[in-house]
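Working notes for the structure below.
The values are calculated or read from the model by the stated rules, or taken from the named source; none is laboratory data. Since we're looking at a predicted model, the values are computed, not measured. Note that we place each Cβ from the backbone using ideal geometry, even for glycine, and neighbour counts take in every protein chain shown. Just so you know, the surface numbers come from the protein's heavy atoms only, side chains and all, with ligands and any DNA or RNA stripped out. Shrake-Rupley method; radii C 1.70, N 1.55, O 1.52, S 1.80 Å.
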Amino acid sequence: MVTGAASEHIDINDVSFTYPRRSIPALDMVNAHWPRGVTALLGANGSGKTTLMTIVAGLRRPTSGEVSAADGTAQSVGYLPQDAGWPPSFTVGELLEYTVWWRRVPRNQRSTACRRAAEAVGLGHRERAKIGELSGGQRRRAMIAQAMVHSPRLLILDEPTAGLDPEQRVGVRETLASLKDTTTVIISTHIIDDVDRICDHVTVLNDGASVFDGDVAAFLSPGGTPASRDDGRSRMERSYLQVLADARASGTQR
Ligand code: ADP
């Protein structure tokens, strides 16, 4: 669980986690410092992103190490799991109303909060639609609205843009970018364009270890001179691959 500390950041200090009956830790002494704004959590499948997100969201306790956050942040978390689902007979409006109720949003602010969240994800006109009748992209956006409807100070989204078409992706990115000033947003993604467009900070996991944690400018610096290369990779992609190659060469992986 996240403990209180007087700062505007989320600090992850030497966090390790081993699943029961597993000999290899899913996370091994992970350190990261997530400022307000949008942080991208990158890494191959199985590198530990979901495990770390669930720990920061307070759903799992680390085996060792700790996560600390600004006062109040720990009590104000929104989390979108990768496989978020909801009874298909619920409408979008009911999903949001239920959430503001159990998140204890004051009664007189609930309808505004629901409307604002639905509009933020482009579902303002679909509040009466049943979840089961939405397209895959709309359903994903309804789940994002549900994660942010109570205006959490920390919003953790596991692959929020997976399965969305390019237009929907842009919509979700704009929504997240609009939260930058008030919220610490953590997204895991495989879509490097997401990072390029909206993220301020990048953390890369490799085999359960943090192999990069810094701002986007620092992340891009190992990418070299982009214009002079014609390898079909973007500057962001080159930086990411370089960070992983460096980690593997220096034996940071297990
Ligand atoms: P990612 O989100 O980067 O794909 P995960 O955090 O899901 O990575 O997984 C990290 C490691 O933990 C992987 O080796 C995975 O097989 C293992 N793992 C994930 N969930 C469980 C679980 N519930 N029980 C046992 N091992 C798990």
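Assorted remarks:
- Accessible-area value, residue 150, 1.4 Å probe, nucleic acids and ligands omitted, Å²: 30 Å²
- In order through the stretch 40-45: 3J(HN,Hα) via Karplus (6.51 cos²θ - 1.76 cosθ + 1.60), integer Hz, x for Gly, Pro: 9, 9, 10, x, 5, 4
- Rounded Å value of the spacing that divides the Cα centres of the stretch 28-66 and the stretch 82-99: 26 Å
- Descending principal axes extents, the stretch 126-254, alpha-carbon based, whole Å: 53, 31, 30
- With each label modelled as a point 7 angstrom along the Cα→C-beta vector, the residue 61-residue 83 pair spans 2.5 nm.
- Accessible-area composition of the stretch 42-108, carbon plus sulfur, in percent [1.4 Å probe]: 49 percent
- Using a probe radius of 1.4 angstrom, the carbon and sulfur fraction of the accessible surface of the stretch 114-166 is 44%.
- Helix-only CD estimate at 222 nm, as mean residue ellipticity for the chain, using -39500 (n - 2.57) per DSSP H run (n ≥ 4): -10000 deg cm²/dmol
- Overall size of the chain from C-alpha positions, given as principal axis extents largest first: 54, 43, 36 Å.
- Relative to the current alpha-carbon distance between residue 234 and residue 44, full extension at 0.36 nm per residue lengthens the span by 66.6 nm.
- A convex hull fitted to the Cα coordinates of the stretch 85-152 yields 73 cubic angstrom per residue.
- Contour minus Cα-Cα distance for residue 104 and residue 119 (0.36 nm per residue): 3.3 nm
- Rounded to the nearest 20 debye, the dipole magnitude of the stretch 85-152 is 120 debye, with +1 charges on Lys and Arg beta carbons, -1 on Asp and Glu beta carbons, and the Cα centre as origin.
- Backbone phi angles across the stretch 184-198, fed through the Karplus curve with coefficients 6.51, -1.76 and 1.60 (θ = phi - 60°), yield HN-Hα couplings of 8, 10, 10, 10, 9, 7, 9, 9, 5, 4, 4, 5, 4, 7, 10 Hz in residue order; Gly and Pro are listed as x.
- Excluding ligands, DNA and RNA, the accessible surface per residue across the chain is 48 Å² with a 1.4 Å probe.
- Mean separation of Cα contacts under 8 Å (6+ apart) over length of the chain, as relative contact order %: 25 percent
- Karplus-based coupling profile of the stretch 103-113, in residue order and whole Hz: 7, 6, 5, x, 3, 6, 10, 5, 5, 5, 4, with θ = phi - 60° in 6.51 cos²θ - 1.76 cosθ + 1.60 and x standing for Gly or Pro.
- Gain on full stretching of the segment that runs from residue 193 to residue 14 - 0.36 nm per residue minus C-alpha separation: 61.5 nm
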